[in-house]
Amino acid sequence: MTRGIVNIHTAIPAPAAPAVITAADRIEPRYTALDVIVTGLSSDAHTWNLVYLQLLLEELGCRVTNLGACTPDEVIIDACTGQHPDLLVISSLNGHGRQDGIRLIRALRQAPALASTPVVIGGKLDVTGGANGEAAARLLAAGYDAVFDAGSAAAGEAAGGLLSFRSYLSALASRADAVAQVGAG
Amino acid sequence: MNRIAPRPPSFGEVVADVQKRGELVVQPRMGFADPALMRHGLLATRDARASTVGTITLDSYTRLGDHDAVRQALAADAASLNGYPLVDRDPATTGAMLDGVLTPWFPVQVRHGSAEPGRIVRTMVDCGLYATEGGPVSYCLPYSRRPLAVSVDNWRQACEMLAAARAPGREPHLETFGGCMMGQLCPPALLLAISVLEGMFFRQHGVRCISFSYAQQIHAAQDEEAVAALHELIRRYVPDVRSHVVIYTYMGVYPRTPGGARRLLAQSARLAAGSGASRLIVKTAVEAYRLPTVAENVAALEYAAAVAASAVPHRAAIEDTGILAQAVALVENVLALGRDDIGRALVVAFARGQLDVPFCLHPDNAGRTRARLDRDGRLEWARIGSLPIGDLVEPRPAQPLTSEGLLSALRFVERRFDHRPGAPDLVLEAGPDGRDHDHDRDHDRGHSTPQSIFGRSS
């Protein structure tokens, strides 16, 4: 018998249906060897989302720096300036993601070295639960490359943006791969 | 009901009186930026068919001391704040909001989550509010990046400020949040140790009315054992203050169905009522989706109170799996580092990894421990790092933790309470392949992947 945190099941008979993430959803690790910084925002104390994202990204082959929760803007900007990540992933759940996220991306884009760094944000981004999609539009307009709003995604994409996030990663990794091949050629 | 308080209500006395009547105090989480809505919420709490105390939860900018952000939000769109901005509201506004709300039988607790509580405590005392909660560890490691030593110093000053507000008939109250670290997946012994150590810290800095928290975890019998151990630890280490135990309804990923949410709330009410706890912080049926409305909070309060009223005391014999012994070892180790300055001893203990919270990303947390669920669904240690409990537990090394495995553990309670309506007890088996077959059921509900970690608060 295997033991461990990964091996907990209820006694409900296991259906024959496939597990959660199908093979088609899986992203080949070799395509996603990205340097990624994961962080929360300054006013957001949620941690489990950040622990999860780190594990997920590492499983996909990424090298992850996890800045943790309640991270001030300057800590995020310093980390990005020093590390030049392939991607900055911001996760916010406390409803302040819209205002905190806009403030951060404006400061971040002002740093010349970070003007084109891919930056994405996801979570519960405002106190309305993203019902009107306004938060996502504003965040994109402010300079994010992608927004994964759990609230507005709820109707169309029950995963709260996770599938879209994986697709985005795949595309980003392919792009990086292509650039690398061009560079090598 | 007497609407004019002849003196400020004393939180600990009210709770003790309710317990003497054989009832459980129930309390919501509740904070609104709008003073009118905040007042409405407090009055609705007071008028609920239950023995209640009120809550003012502050917004997260105030928690961080970012008062520029609070003022900007108040100027632009106050409703965008996720709590009541006590410090930046005009005292007259708060005074009007509270006018006639406080009675000798209805005290209000300020809840905030700040590692820099000084201004909050000063403001609440100025507003006639004398009950709050937190702690140097429990409001630093999960909710701040402040160095633990700074939080300890801030909390020492806050305790002294609160203690200085003591007056005839007015006993300030402080609750330790230490029993709620990370919300889920922390073995109970460490929760109890931090809860008790924070209470000792409060006492050392002048507070004389203290409540000790414990958050409902995932296994009912383990929780019963933990609360019994907490009572014993209080008797042993903090016997000379007015104290009570407060239970938090499950703080992890919450059931999504109304039935599942109610069953989980009921279980926490039975835990509180049956284990000699005095107070319960409830959750609502909509917890998985959004912040609850006032009406949803009142419904949860009344339901929890009704369940508690019909609950029976726990059976006399509670299985001892070693929670008390582990907690004592953790506490004694800290006291050996300096019982005359518990704050400093806490800092040293964390620096050495002798207190070490699983999954906590704070720079001052060593991060060498890890928890897991055993096959009975109890929380246990997978790695103890440098915790001084090596002779008490035999950690069973877990397989490397995967993102799916973490989600499975985080969602364990949610799945159980949503999918198994008739099953009061947990039956588990470890599958041979490590896959979480239960996720498949999500297809039926249109959730084709694990609930988003982007989108799921915990």
Please arrange B:Y289, B:Y214, A:Y168, B:Y139 by counting, for each residue, the other beta carbons lying within 10 Å of its beta carbon, fewest first. B:Y289, A:Y168, B:Y214, B:Y139
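B:R344 to B:R122: FRET efficiency via 1/(1 + (r/R0)^6), r the Cβ-Cβ distance, R0 22 Å, to the nearest 0.05? Provide the component values of the computation, followed by the final result.
On the way: r = 24 Å, r/R0 = 1.11.
Computed FRET efficiency for B:R344 and B:R122: 0.35.
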Binned Cα-Cα distance frequencies in segment B:249-313 - 10 Å width, integer %: 24, 56, 19, 1
Is the shape of segment B:67-213 rounded, prolate or oblate, going by the alpha carbon gyration tensor and its root eigenvalues a ≥ b ≥ c, with a/c under 1.5 for rounded and a/b larger than b/c for prolate? oblate
Would you mind ranking A:S174, B:S275 by Cβ crowding within 10 Å, fewest neighbours first? A:S174, B:S275
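Sorted from largest to smallest, which semi-axis lengths in Å does the alpha carbon gyration tensor of segment B:118-166 give for its equivalent ellipsoid, taking the root of 5 times each eigenvalue?
21, 10, 8
Can you tell me how segment A:48-108 classifies by the Cα gyration tensor, rounded, prolate or oblate, using a/c under 1.5 as the rounded cut?
oblate
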What residues from segment A:56-96 fall in the zone where the backbone N is under 14 Å from a label point 7 Å along the Cα-to-C-beta line of A:D35? A:62-66, A:78-88
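When only C-alpha pairs under 8 Å and at least 6 residues apart count, what is the relative contact order of segment B:1-100, in percent?
30
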Using the basic label-point model (7 angstrom from Cα toward the beta carbon), what is the B:R71 to A:T81 distance in nanometres? 2.6
Taking Cα pairs closer than 8 Å and at least 6 residues apart, the relative contact order of chain B in percent is 15
Residue mean of other protein chain beta carbons inside 10 Å, B:360-368: 3
Taking the highest mean first, how do the peptides A:93-99, B:318-324 order by number of other beta carbon atoms within 10 angstrom per residue? A:93-99, B:318-324
So if R0 is 25 Å, what FRET efficiency would B:D391 and B:A317 give, r being the distance between their Cβ atoms, rounded to the nearest 0.05? 0.50
Shape verdict for chain B, please, from the Cα gyration tensor: rounded (a/c under 1.5), prolate (a/b greater than b/c) or oblate. rounded
Label-point gap, in nm, between A:R63 and B:D99 - each point 7 angstrom along Cα→Cβ: 6.3
Points 7 angstrom from Cα along the Cβ direction at B:D17 and B:A306: gap in nanometres? 2.6
Less than 12 Å Cβ to Cβ from B:G54, Lys/Arg counted +1 and Asp/Glu -1: what total charge do the surrounding residues give? +3
For B:D356, B:D66, B:D223, what's the fewest-to-most ordering of other Cβ within 10 Å of each Cβ? B:D66, B:D356, B:D223
Rounded to the nearest 5, the percent of antiparallel DSSP beta bridges in chain B equals 20
When you take every Cα atom in segment B:237-352, what is the radius of gyration, and what is Dmax, the widest Cα pair distance, in Å? 18.3, 49
By how many nm would the segment from B:R352 to B:R49 lengthen if fully extended, with 0.36 nm per residue of separation less the alpha-carbon distance? 104.2 nm
One quarter of the C-alpha convex hull surface, i.e. the mean projected area of segment B:1-112 in nm², amounts to 7.1
Remind me, relative contact order of segment B:201-306 in percent, using alpha carbon pairs under 8 angstrom and six or more residues apart? 26
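Report the far tail of the P(r) of segment B:305-391, meaning the percent of Cα-Cα pairs longer than 23 Å.
Beyond 23 Å sits 39 percent of the P(r) for segment B:305-391.
Just so you know, all these numbers are worked out from the coordinates, no wet-lab data involved. Model, not experiment: these values are computed from the prediction. Note: ideal-geometry Cβ built from the backbone for every residue, glycine included; neighbour counts use all protein chains shown.
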